Amino acid sequence: MTLLIKNGIVYDPLNGVDGEVMDICVENGRIVEKIDEHNAQIIDASKMIVMPGGVDIHTHVAGAEVNSGRLLRPEDHVHDVEPKTSITRSGVGHSVPSTFTTGYRYARMGYTMICNPSMPPLEARHTHEELEDTPIVDKATFPLLGDWWFVLEYLRDSLIKECAEHVAWMMVATKGYAIKIVNPGGLEAWGFGRNVRDLDDLVPNFNITPREIVRGLCMVNKILNLPHTIHVHTNRLGQPGNYITTIKTMECVEDLAESSKPAIHITHCQFSAFKGDSWQNVRSGAEEIAKYVNRHTHVTLDMGQVIFTDTTTMTADGPWQYTLYELSGNKWVNHDVEVETSSGIVPFRYRRKNYVHATMWSIGLELALLIEDPWKIYLTTDHPNGGPFTSYPRIVSWLMSGRARARTLKRINEKARARSLLPSIDREYTFYEIATVTRAGQAKALGLKNKGHLGVGADADIAIYNINPKEIDPSKDYKTIRKAFSRAAYTIKDGEIVVKNGEIVKTLSGKTYWINFESLSLERGSSNCSRVVADLKRRFREYWTVEFENYFIPESYIGPSTPVSIKMGMCKE
Ligand SMILES: [Zn+2]
């Protein structure tokens, strides 16, 4: 199968290509130097933008939490139906779409890889089943390990090496990709109806602080040489005044960073960038956070942009979801599985005229515009927490157009408008910067060597948008931009055309990326890391309702499996 994309206007930031007219050659699912034009299928991409397929570093699309959200929200589905076609399956969902619909809608926007950021280990099987059900896009999922008893104990006892061995086992057992930390210590405290107050508050019964958890897992991440950094949802998320906690969280791993390599990813930073000490005087802390990020090289972030719409919030941060339930009075699910972690789900409507919601909307954009280097901040809504991922094209238009921002600003709460930093910011993203925050930067942060770029050897995951940058001024024609990014002219996945003119024309199964530590030679959960396994087995007899042997997910259980192999020089006893 060969494909030639001719004369496209290419934006490929990882290879420094900024709007050059060039051809892209595809053979057997990869980008190649040259192909025989006579035997190739040809796409005429002249006057169109060509970018690598979109990569989403943080989107809740699969697993028990998402599925509970689906069950909780029939009203979310009833007006948003995806009819069956001869190619696609039917589905539903505005903010918590069904699995098939999720895959189709990402592909229509030109996205080809998504990361599900919050997986309780005991629900890994379910998560992988749903990921396998999500067509077209490639996937990765991050196990929640920040409140994991083993981790807390190893770190409390300063057993970093053992902790690393354990995390390695967990990563392979759950077929995970990165270490997710949510409100470190807070989820364990939530088991007792409590929360931790800040980075230096003791976690009940464990005599360890959130700071020690973040630092410990950052060291573990380094020992294991994982491709992505620790992926952190900060303490005090959603609380006024939390921007200080966020800066302290970034600061606390400063000394662990190697040269200019990132050591921490702060996810959906908007929710962690509030100044003030009450909901009445909550203000933007974006300037302070941006100032810190601009001066340091060890941090990456994603936006967690708020959209004025009805959505469904869901996070492993159980205590925060309880607060949100109290604030909103909406229905609420508190979900927990054998105290491995916690979670909560609350429907939520962000209103333009609400002071807090409008302030949050402004904060997300302020962060993206005030952080100078687009390689450090990525476009997300923390789907569906800030809004559904289908709103990404709207965010693109806000980033590219001061007028688009001004138009929304005019319609928001007056006090929020008066305090918004947006009118003082002239910056408008270029296409190159958009390509960075929607694919290249995310692929780089995830350490995905063959994603997010169009160099020779890369996966042939490509998006073509019907925009001619020579004719269209995004600052003025922001509506055209929004439309074009909503419906890709073409999406190419693994070298095959899956979307044409915004419609699915072919479906295929996306791959699941997971970390494999080959030297552990894990078979059915046993390992040459005998200490770690002995410890696990002992605990399984005491605490879990499943057998140890059923906990470990064999590779054969994963859809198209793509292990990322890492050498690990320990556990040779
Ligand atoms: Zn999230």
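The values are calculated or read from the model by the stated rules, or taken from the named source; none is laboratory data. In this text, all values refer to a predicted model and were calculated from it rather than measured experimentally. Cβ atoms come from the backbone with ideal geometry, glycine included; neighbour counts cover every protein chain shown. For accessibility, only protein heavy atoms count, side chains too; no ligands or nucleic acids. Shrake-Rupley method; radii C 1.70, N 1.55, O 1.52, S 1.80 Å.
Quick notes
- Near pairs, Cβ below 6 angstrom, 6+ apart or cross-chain, from segment 220-243 (part of a helix (DSSP H, G or I)) to any residue that is within 16 Å of the ligand (Cβ to nearest atom): N221/I179; N221/I230; Y243/A273
- Residue satisfying all of: in segment 341-362; in a helix (DSSP H, G or I) and away from the ligand (no atom under 16 Å from the Cβ); nearest to S278 (Cα to Cα) among these: V356
- Screening segment 244-277 for residues that are outside any loop (DSSP other than H, G, I, E, B), of a type in the set (V, I, T) and open to solvent by less than 60 Å² (accessible area, probe 1.4 Å) and picking the one that is nearest to the ligand (Cβ to nearest atom) gives I266.
- Close contacts from segment 55-66, counting a first residue that is charged (D, E, K, R) and a second that is assigned to a helix (DSSP H, G or I) and open to solvent by 10 Å² or more (accessible area, probe 1.4 Å), with Cβ to Cβ under 9 Å and a gap of 6+ residues or different chains, come to E65/E123.
- Number of positions in segment 35-84 that are in a helix (DSSP H, G or I), among the charged types (D, E, K, R) and surrounded by 18 or more Cβ atoms within 10 Å (Cβ to Cβ): 3
- Condition met for L399 (within 16 Å of the ligand (Cβ to nearest atom), closer than 17 Å to Q305 by Cβ and at pLDDT 95 or above): no
- Yes/no for I87 being in the same structural domain as I481 (by TED's automatic domain parsing), more than 16 Å from the ligand (Cβ to nearest atom), in a loop (DSSP other than H, G, I, E, B) and open to solvent by 20 Å² or more (accessible area, probe 1.4 Å): no
- Test: residue in segment 278-289 that is assigned by TED's automatic domain parsing to the domain that holds V220, closer than 27 Å to P374 by Cα, within 16 Å of the ligand (Cβ to nearest atom) and modelled with pLDDT of 95 or more: no
- Annotation: of all residues in segment 139-174 being surrounded by 21 or more Cβ atoms within 10 Å (Cβ to Cβ) and among the β-branched types (V, I, T), the one that is nearest to V55 (Cα to Cα) is T141.
- The listed residue being closer than 23 Å to V505 by Cβ, under 22 Å from the mean Cα position of the chain (by Cα) and within 16 Å of the ligand (Cβ to nearest atom), out of T59, T102: T102
- Some residue of segment 387-394 being more than 16 Å from the ligand (Cβ to nearest atom), open to solvent by less than 20 Å² (accessible area, probe 1.4 Å) and under 28 Å from M250 (Cβ atoms): no
- When we screen E326, E338 for residues that are part of a helix (DSSP H, G or I), more than 13 Å from the ligand (Cβ to nearest atom) and among the acidic types (D, E), the only hit is E326.
- In a residue-by-residue description of segment 209-216, the property of being open to solvent by 10 Å² or more (accessible area, probe 1.4 Å) and either aliphatic (A, V, I, L, M) or within 26 Å of R538 (Cβ to Cβ) (or both) applies to at least one position.
- Qualifying residue in segment 363-379 (condition: assigned by TED's automatic domain parsing to the domain that holds F274, within 16 Å of the ligand (Cβ to nearest atom) and open to solvent by 10 Å² or more (accessible area, probe 1.4 Å)): no
For (1) in a helix (DSSP H, G or I); (2) under 22 Å from the mean Cα position of the chain (by Cα), each residue gets a yes or a no:
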| site | (1), (2) |
| --- | --- |
| G455 | no, no |
| I467 | no, no |
| K479 | yes, no |
| K483 | yes, no |
| T507 | no, no |
| R531 | yes, no |
| E542 | yes, no |
| E549 | yes, no |
| G559 | no, yes |
